[in-house]
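Heads up, the thing below is written out as structure tokens.
The values are calculated or read from the model by the stated rules, or taken from the named source; none is laboratory data. Only a predicted model underlies this, so the values are computations on that prediction, with no experimental measurement involved. Using ideal geometry, Cβ is built from the backbone for each residue, glycine included, and neighbour counts are taken over all protein chains shown. With ligands, DNA and RNA removed, areas are computed over all heavy atoms of the protein, side chains included. Shrake-Rupley method; radii C 1.70, N 1.55, O 1.52, S 1.80 Å.
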Amino acid sequence: MLKKIQVKHLVEGMYIKEMCGSWLEHPFWRTSFLLDDPKDLATLKASSVREVWIDTDRGLDVQDAANAVMEARSEAEIEASLERAAAGERAREDVPIAEELNRAAKVCAKARQAMTSMFQEARMGKAVDNALARKVVEEITDSVTRNAGALVSLVRLKNADDYTYMHSVAVCALMIALGRQLNLDEDQIHSAGIAGLMHDLGKAAMPLEVLNKPGKLTDEEFAIMKSHPGEGHRMLLEAGDAFDEVTLDVCLHHHEKVNGSGYPKGLAGDQISLYAKMGAVCDVYDAITSNRPYKAGWDPSESVRRMAEWVDGHFDPAVFQAFVKSLGIYPIGSLVRLDSGKIAVVVEQSKRSLLKPVVKVFYSTKSKGRLAPKLVDLSAPLCQDSIAGREDPAAWQFPDINELWSGLPGAPW
């Protein structure tokens with residue numbers, strides 16, 4: 001039986017099935033193992049992980065049942081959280097996604113060049129080019145305003161070599177989309193975009209052998225990486241008044257958590273600004289959906305669901321719900337199974353319901369074969385089909401899944 005408990009209730013002999021939180025912060029290579037080494041127990045308690053799932057069929061049970069959350073209850077809480085996020089209005093999109101994808105791909109390509117140059121110059125000690133940053137944010141804002149799903153979805157397709165640069169572009173786009181959903185004004189949205197673009201500037205000061213390590217970081221290496229918010233803040237201050245307080249704040253505090261377990265200051269609750277709370281959500285989402293040298297990114301809908309489980313303690317609930325509304329419960333590119341037994345990929349959010357997006361059906365589990373791709377709006381009044389559950393792309397190995405939802409061949413940017 002699976003039970004979720006706080007790390008402080010862990011004892012030797014328990015079997016850890018999964019750790020709650022971003023895998024980037026886990027102190028172990030393994031995610032499932034018998035906790036039989038006191039050093040591992042001490043390491044886990046000293047980490048930022050606050051909750052874990054234990055399997056009582058494979059290890060010791062928690063002594064006090066009141067200290068555990070049963071799997072069914074956790075699932076119900078996640079469903080309730082996502083349903084709350086699905087309620088209400090989404091920010092309006094001016095053009096269909098099919099119309100925006102090609103333009104968004106060009107914006108991604110140009111932004112990649114700009115961010116590569118910006119990080120390289122920062123690494124050489126040169127001043128950050130504020131004018132270039134603003135130009136990039138303006139182009140990203142224009143694309144996101146036309147249709148947020150296009151650029152936000154395409155930038156997720158970054159490869160591991162581009163991660164440092166394109167992660168900044170992705171967080172910028174996500175911050176702009178989230179700002180629109182939170183009804184921020186144009187100046188505030190622009191500030192949020194600049195903050196997202198520059199939030200990881202401090203990584204330019206990290207040793208390349210640590211930054212680009214194709215594997216899990218050691219404790220010493222992770223300590224080095226945890227210095228990047230402070231390094232980025234210093235670099236932005238050196239640029240004089242080129243960047244506003246919002247950018248400085250998000251750069252320094254995007255790894256803070258509302259329960260105080262984040263870094264570098266251990267801020268909690270209202271000590272963390274709205275913009276830093278936005279940055280935390282956007283940063284984690286892009287990190288866990290992106291492929292890394294040592295771990296494949298999670299499916300977009302799986303990532304949203306995992307983050308919903310971590311909300312209590314990690315994210316601000318209101319900010320997270322707005323984020324889900326801006327992105328979708330089943331974000332573009334999510335692989336889903338329909339009640340009909342067909343497999344589909346999400347291509348666009350429906351104007352009627354976040355629970356019923358527009359999908360492209362392309363496989364039948366009944367005939368075990370490919371179908372001619374067909375667009376289906378699950379929210380249409382006469383549609384008889386609906387989403388039965390999420391599917392793991394790794395279990396299916398559809399090589400053209402990204403082309404199916406984007407309509408763009410190969411590497412789209």
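When a/c is below 1.5 the answer is rounded, else prolate if a/b is larger than b/c, else oblate, so apply that to region 30-100 with a ≥ b ≥ c taken from the square roots of the Cα gyration tensor eigenvalues.
Because a/c hits 1.5 or more and a/b exceeds b/c, region 30-100 counts as prolate.
Once Lys and Arg get +1 and Asp and Glu get -1 on their Cβ, which of Ser117, His9, Val52 lies farthest toward the positive end of the dipole of region 1-131?
Ser117
Given Cβ point charges of +1 (Lys, Arg) and -1 (Asp, Glu) and nothing else, what value in debye, to the nearest 20, does the dipole of region 57-153 about its Cα centre take?
With Lys and Arg at +1 and Asp and Glu at -1, about 860 debye.
Filter the GluC sites (Glu not before Pro) in region 76-122 to those in DSSP coil with at most 15 other Cβ atoms within 10 Å of their Cβ, and list the result.
Of the GluC sites (Glu not before Pro), the ones in loops of region 76-122 whose Cβ has at most 15 other Cβ atoms within 10 Å are Glu89.
Which residue fluctuates the most in the chain, going by a Gaussian network model with Cα springs under 10 Å, if the choices are Lys203, Lys213, Lys158?
Looking only at Lys203, Lys213, Lys158, the biggest GNM fluctuation is shown by Lys213.
Dipole size in debye (nearest 20) for region 257-411 around its Cα centre, Lys and Arg Cβ +1, Asp and Glu Cβ -1?
Around 280 debye, computed over region 257-411.
Taking the Cβ of Arg146 as the center, what net charge do the other residues with Cβ under 10 Å away carry, scoring Lys and Arg +1 and Asp and Glu -1?
Surrounding charge for Arg146 is -4.
Quick check on region 180-323: take the gyration tensor over C-alpha atoms, sort the square-rooted eigenvalues as a ≥ b ≥ c, and tell me if it's rounded (a/c under 1.5), prolate or oblate.
oblate
Remind me, relative contact order of the chain in percent, using alpha carbon pairs under 8 angstrom and six or more residues apart?
In percent, rounded to a whole number, it is 13.
Given just the C-alpha atoms of region 105-258, how large is their convex hull per residue in cubic angstrom?
Taking only Cα atoms, region 105-258 has a hull volume of 116 Å³ per residue.
In a Debye calculation with equal point scatterers on the alpha-carbon sites of region 267-413 and no solvent, what is log10 I(q)/I(0) at q = 0.10 Å⁻¹?
-0.39
Please report the base-10 log of the normalised intensity I(q)/I(0) for region 372-413, using a Debye sum with one equal scatterer per alpha carbon and no solvent, at each q in 0.20, 0.22, 0.25 (1/Å).
Log10 of I(q)/I(0), two decimals: -0.86, -0.96, -1.03.
With Cα extents along the principal axes in Å as the read-out, I listed (1) 190, 55, 38; (2) 58, 56, 36; (3) 86, 39, 35; which label goes with the value calculated from this structure?
Entry (2).
Over region 204-244, give the accessible area per residue in Å² for a 1.4 Å probe, as an integer.
53
Where nothing but the Cβ of Lys and Arg (+1) and of Asp and Glu (-1) is charged, how large is the charge dipole of the chain around its Cα centre, in debye to the nearest 20?
Here the size comes out at about 1020 debye.
In whole Å, how far is the Cα centre of region 8-86 from that of region 357-390?
One Cα centre to the other: 35 Å.
When the helix-only estimate is applied to the chain (DSSP H runs of n ≥ 4, each -39,500 (n - 2.57), divided by the residue count), what is the mean residue ellipticity at 222 nm, nearest 500 deg cm²/dmol?
-14500 deg cm²/dmol
Please work out the Cα convex hull volume for region 13-143 and give it in Å³ per residue. Please report the intermediate quantities before stating the final value.
Working: hull volume 28.4 nm³, N = 131.
Per-residue hull volume (Cα only) is 217 Å³.
How about region 228-313: which chymotrypsin sites (Phe, Trp or Tyr not before Pro) there lie in a loop by DSSP and see at most 14 other Cβ atoms within 10 Å?
Qualifying residues, ordered by number: Tyr294.
Under the definition of Cα pairs under 8 Å and six or more residues apart, what whole-number percent is the relative contact order of region 95-254?
24
Enter the Cα centre distance for the pair region 242-303 and region 189-221, rounded to the nearest angstrom.
12
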